[in-house]
1. What is the order of A:1, A:109, fewest Cβ neighbours within 10 Å to most?
2. Among A:128, A:83, which comes first, second and so on when ranked by fewest other beta-carbon atoms within 10 Å?
3. Could you check the spin-label model distance between residue A:10 and residue B:49? Points 7 Å from the Cα along Cα→Cβ, value in nm.
4. So if each residue of separation counts as 0.36 nm, and I subtract the Cα-Cα distance between residue A:35 and residue A:122, what length gain in nm does that give?
5. Write down the percent of antiparallel bridges among all DSSP beta bridges whose residues are both part of the protein assembly as shown, to the nearest 5.
6. How far apart, in nm, are the 7 Å Cα→Cβ label points at residue B:6 and residue B:94?
7. In bins 5 Å wide, starting from 0, what share of all Cα pairs of the stretch A:29-99 does each bin hold, as a percent?
């Protein structure tokens, strides 16, 4: 099974993205926790592309493709903007320090790495691509 | 996302309803940033109807936690759905924040 979605770079589209992922996982008989983990990982990557890579420029858009095969889920998110946005190598945050500093951001990619089995960002045809995969029960 | 504040003596209860993401986190931030919130001894966060939280929502709580601690205001979460608690747990935030199952336990915390 494979499904696609195109959205413009507005954070108001995050709900649409989450609904799309949930809708296509509903038949997989996964637990609410597992579905939420996949939804969250996709939401975090999409939010990063919208806010940090595209500065919420609504003339830009992202394409999502979600594929489910027995015991495996793959999601590809393509930023159709022409700036290559490869996040720096991931380091686990010191949350006590975040609390002390009153920091709001910096945890999204940590969540993505902990929620999914494989996370990769790469450039293809002058666009940034994020590929996420997770083994399913 | 809806945030409803219910004041009662020295406690403020915030009822969260909906999905807390990068789009809606500003609503919660506005509520927690109000100066008079520090006049309460406790802020209880009712998560019964909170069906989703992303890092943006978590970040709002983290960004106010030190301010609350400095003012000796206790922040307590209760009625959290398993899938939402799982997100706190994955980041290790369950060790930094007070999360209890019921309102009675939150009131007693």
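Just so you know, all these numbers are worked out from the coordinates, no wet-lab data involved. Computed from a predicted model, the values in this text were never measured in an experiment. A quick note on method: Cβ atoms are made from the backbone with ideal geometry, for glycine too, and the neighbour counts reach across all protein chains shown.
1. Values: A:1 11, A:109 21.
Lowest count first: A:1, A:109.
2. Values: A:128 22, A:83 12.
Final ranking by Cβ density, sparse to dense: A:83, A:128.
3. Once both label points are built, they end up 2.5 nm from each other.
4. Values: separation 87, 0.36 × 87 = 31.32 nm, distance 2.53 nm.
That pair, residue A:35 and residue A:122, stretches by 28.8 nm at full extension.
5. Numbers: 37 of 54 bridges.
Taking every DSSP beta bridge with both residues in the protein assembly as shown, the antiparallel ones total about 70 percent.
6. According to this spin-label approximation, the distance is 2.6 nm.
7. Over the stretch A:29-99, the share of Cα pairs per 5 Å bin runs 3, 12, 19, 19, 18, 15, 11, 3, 0 percent.
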